Protein chains: 2
Amino acid sequence: MEAFFKLKTPDEVFNTINGFSPVGEEAVSLEDAFGRVLNVNLTSPEDLPDFFKSTMDGYAVQARNTFGATESLPALLEITGEVSMGEADNIAVESGQAVKIPTGGMLPADADGVVMIEYCSLLDEKTLEISRAISPLENTIQPGDDFKKGSVILPAGKHLRPQDLGVLAGLGFLEVPVFRKPKVAILSTGDEMVPVSQTPGPGEVRDINRYTLGALCRNMGAVPIYMGICSDYFEPLREMVEKALMAADTVWISGGSSVGTRDFTLKVFETLPDFELQAHGISISPGKPTIIGRAGGKPVIGLPGHPASAFVVAEVFMTRMLRTLSGAMDAGHDVHTVKRAILKRNIPSSGGREDYVRVRLEKDDENLTAIPIFGKSGLISTLVEADGLVRIDMNTEGLYENDTVDVMLFSHA
Amino acid sequence: MEAFFKLKTPDEVFNTINGFSPVGEEAVSLEDAFGRVLNVNLTSPEDLPDFFKSTMDGYAVQARNTFGATESLPALLEITGEVSMGEADNIAVESGQAVKIPTGGMLPADADGVVMIEYCSLLDEKTLEISRAISPLENTIQPGDDFKKGSVILPAGKHLRPQDLGVLAGLGFLEVPVFRKPKVAILSTGDEMVPVSQTPGPGEVRDINRYTLGALCRNMGAVPIYMGICSDYFEPLREMVEKALMAADTVWISGGSSVGTRDFTLKVFETLPDFELQAHGISISPGKPTIIGRAGGKPVIGLPGHPASAFVVAEVFMTRMLRTLSGAMDAGHDVHTVKRAILKRNIPSSGGREDYVRVRLEKDDENLTAIPIFGKSGLISTLVEADGLVRIDMNTEGLYENDTVDVMLFSHA
């Protein structure tokens, strides 16, 4: 019981979280690679593009034939052919000649630039008038301009975006090596808990955490595995946790972690092989009664039972945990977007803990403002009204109206 | 051909986009409702919570029995029982009595507040010493505090977030009425185009747009339908577009929309029933040769063939189109997150069009900086390096180093 009050600070908890490892790897089809995390530095198997191509509709020429050309003194060239898309035509462009070429077309031999159609006019079927000079290579892409064979295309740990898939498609990757999606076993405990399909009797409530935590996992690219509701007794909970640990990469139990009379979560964790307690209580509000442990290398987590507290802890810490387990390394992919806003009311805070205060964002003339949502603890509607959280530092006694604050937007749209 | 040069401005295009309608509705299980868009104002079928409950571990009492209690002058109460979770115990709390209660427990009859366990100590098994006064209703939630029966829980047009699902779970919604996901038929045209599985011959390229556009759709909650690659001929393209229009809510053709010799996209669109041309060319760079039309109420789109241009147009305009088709109305759900950054280099721009310049974001001491990525048009690697776009207004001739700019982050993580 005493250990409960040796609370860990949020920074200590983040360090703990960084100590876990990604869950493993697999290959997926390019089709299914969107949003997945690369698990190797991918290098280019070929040059992209692999041919000398035009970036404009126009005429392929030898650039030096256009030098000095102006509207009043145009260059005259002989049209000797036309390039078709997707074909390597058997034409060369000699000095004094021009060959029609579409955007993306392959430059004929000996041509070294393309004059845009806007600067060309036909004197007759065979004679082209060019009113502007180009420099060599103008309006073209050379082989390897996008990626040279052997160069790193994308680094390990990168979340694959649509344009990243595009590059992989361009280079012919049919499969992509990625980290496996972490599987998260979600359990709710509490004798008062009934499934959503059931009408609660007196004193009973529906299982909310299953849905909030499950969707948060999906949003982070993890796969929730719903273990169901467990009664507040040691043996059934132990059995369910053991099963969960076999099925998943991490186990999250909500409920049962406050200093109540029936707090079995930690006791159950302590029966797991290779269990190591890493945090029993975190100095934040809401969310103090959170347990973080490691069993056989896998994170086992006890979250508060209150839906709002469980959700804040999940948003602040479990999103980071999922990011670590999924192997994501790209700094560009912050878990939370941060927006600056002007606080619209004082927020008091006790020192010695970090407060995460729900706020709603509103545009006020030109400024973004953050309106704290005060409400009794245990309500879930306050989360529904909120757009994000404002962190109040341990060493701060609160924030004042008109302070500029950083609002951590919720991780999902 | 002339019509091409009557370019629409981006604002005109946004107005056009707003003129389309959501694609329809369906009911999905709560499980599958994450990220979906509500299509009615949902009202609460019951009070949440539906009973008077404790938000703390402690003792349920009549608050007036604690008035004046301090550490030096505690109140003494008789312990007459204990509330179990999820049960409506048959106990009442009379004046002078206290009943032990866990967080979330149902208040016994006649109790009107809860004293936290921290302010209670046992003198003996039956006698409780209370060192702090509470006011009536303290540490409790009353029925309907979250939602009153009949009140609006969530408005139509709202994207469902994890916490929104939580509220719906708490109120017993097993199914949720949502807008259907828009289906997007994606076609690539071009004789030079080969599928990713095929090694390109001389002058050929792999079909990149299928993957960038498909992933962008998925990221926006839409369902891509891949129609494949079509050669640059009128009749095969017409047949494929007709098929696509039957199968999907919108048709996106990439390639074939520049003023080339083989521009059949518009000609094919013009054969569709009830076709109405809305934009043939947009005054932006990249992306000028974009076609927007309406056929039988459905948007039919011709995107540039260049992967980078097609992607910028999709990011700027098609994300908004998908948002409109998916029925999303919530202002909080902006398509693009905007970040302020300090520009690290001059960017020249011609007037009369909007430029969308790719930039990379970097932290520089305390500031976020935006580094323009210059590169030949037609390269896709510039998109891979970029984190977002900086818009240069029509009436601006460029931006200067050290200007503060708004960076529109790409819509996907």
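Does any residue of segment A:371-385 turn out to be touching a residue at least 40 places away in the same chain (Cβ under 8 Å), acidic (Asp, Glu) and outside the structural domain of A:Asn41 (by TED's automatic domain parsing)? Walk me through how you get there before you give the answer.
Step one: of segment A:371-385, the residues touching a residue at least 40 places away in the same chain (Cβ under 8 Å) are A:377-380, A:382-383.
Imposing the further condition that a residue be acidic (Asp, Glu) reduces the set to none.
No, every residue in segment A:371-385 fails to be touching a residue at least 40 places away in the same chain (Cβ under 8 Å), acidic (Asp, Glu) and outside the structural domain of A:Asn41 (by TED's automatic domain parsing).
Looking at the structure I just gave you, is B:Phe147 aromatic (Phe, Trp, Tyr), surrounded by 21 or more Cβ atoms within 10 Å (Cβ to Cβ) and facing chain A (nearest Cβ under 10 Å)?
Yes.
Is there a residue in segment B:394-409 that is modelled with pLDDT under 95 and within 14 Å of A:Gln163 (Cβ to Cβ)?
Yes, segment B:394-409 contains at least one residue that is modelled with pLDDT under 95 and within 14 Å of A:Gln163 (Cβ to Cβ).
Would you please name the residue that is surrounded by the most Cβ atoms within 10 Å (Cβ to Cβ), looking only at residues in segment A:173-215 that are more than 11 Å from every other protein chain (Cβ to nearest Cβ) and outside any strand (DSSP E or B)?
A:Pro182
Condition test on B:Gly228, is it more than 7 Å from every other protein chain (Cβ to nearest Cβ), closer than 30 Å to A:Ile101 by Cα and either within 19 Å of the chain's Cα centre (by Cα) or part of a strand (DSSP E or B) (or both)? Give the steps one after another, and end with the answer.
Working: more than 7 Å from every other protein chain (Cβ to nearest Cβ): yes; closer than 30 Å to A:Ile101 by Cα: yes; either within 19 Å of the chain's Cα centre (by Cα) or part of a strand (DSSP E or B) (or both): yes.
The answer is yes for B:Gly228.
Against the condition among the acidic types (Asp, Glu) and either at pLDDT below 95 or over 34 Å from the mean Cα position of the chain (by Cα) (or both), how does B:Glu242 come out, does it pass?
no
Of the residues A:Ile153, A:Ile117, A:Ile91, A:Ile101, which single one is out of contact with any Gly (no Cβ under 8 Å at 6 or more places or on another chain), over 30 Å from A:Thr212 (Cα atoms) and β-branched (Val, Ile, Thr)?
Sole residue among the options that is out of contact with any Gly (no Cβ under 8 Å at 6 or more places or on another chain), over 30 Å from A:Thr212 (Cα atoms) and β-branched (Val, Ile, Thr): A:Ile153.
It is to be established whether one or more residues within segment A:48-62 are surrounded by fewer than 14 Cβ atoms within 10 Å (Cβ to Cβ), among the small types (Gly, Ala, Ser) and over 36 Å from the mean Cα position of the chain (by Cα).
no
Quick check on segment B:326-337. Is at least one of its residues out of contact with any Pro (no Cβ under 6 Å at 6 or more places or on another chain), farther than 25 Å from B:Ile291 by Cα and among the acidic types (Asp, Glu)? So that I can check it myself, show each step before the final result.
Narrowing segment B:326-337 to residues out of contact with any Pro (no Cβ under 6 Å at 6 or more places or on another chain): B:328-337.
Keeping just the survivors that are farther than 25 Å from B:Ile291 by Cα gives B:329-333, B:337.
Filter once more, keeping what is among the acidic types (Asp, Glu): B:330.
Yes - at least one qualifying residue is present in segment B:326-337.
Would you confirm whether or not segment A:277-298 contains a residue that is more than 30 Å from B:Pro49 (Cβ to Cβ) and charged (D, E, K, R)?
yes
Of all residues in segment A:8-25, count the ones that are part of a loop (DSSP other than H, G, I, E, B) and over 21 Å from the mean Cα position of the chain (by Cα).
1
Conditions first: (1) in a strand (DSSP E or B); (2) under 29 Å from A:Gly378 (Cβ atoms). B:Ile134 passes all but one, so which condition is the exception?
Unmet condition: (1).
Given the criterion buried (at least 19 other Cβ atoms within 10 Å of the Cβ), of a type in the set (Val, Ile, Thr) and either under 20 Å from A:Val184 (Cα atoms) or under 26 Å from the mean Cα position of the chain (by Cα) (or both), identify the matching residue among A:Val300, A:Val338.
A:Val300
Is it the case, given these coordinates, that B:Pro108 is under 26 Å from A:Gly201 (Cα atoms) and either in the same structural domain as B:Gly166 (by TED's automatic domain parsing) or surrounded by 14 or more Cβ atoms within 10 Å (Cβ to Cβ) (or both)?
On the way: under 26 Å from A:Gly201 (Cα atoms): yes; either in the same structural domain as B:Gly166 (by TED's automatic domain parsing) or surrounded by 14 or more Cβ atoms within 10 Å (Cβ to Cβ) (or both): yes.
Judged against the criteria, B:Pro108 is a match.
Consider A:Gly166 carefully, then state whether it is surrounded by fewer than 24 Cβ atoms within 10 Å (Cβ to Cβ) and either within 24 Å of the chain's Cα centre (by Cα) or facing chain B (nearest Cβ under 7 Å) (or both).
no
Can you tell me which residues in segment B:49-73 are touching an Asp or Glu at 6+ places or on another chain (Cβ under 8 Å), under 19 Å from B:Gly96 (Cα atoms) and in a loop (DSSP other than H, G, I, E, B)?
Scanning segment B:49-73 gives a single hit, B:Gln62.
The values are calculated or read from the model by the stated rules, or taken from the named source; none is laboratory data. A quick note: this is a predicted structure, and the numbers were derived from the prediction, not measured. Note: ideal-geometry Cβ built from the backbone for every residue, glycine included; neighbour counts use all protein chains shown.
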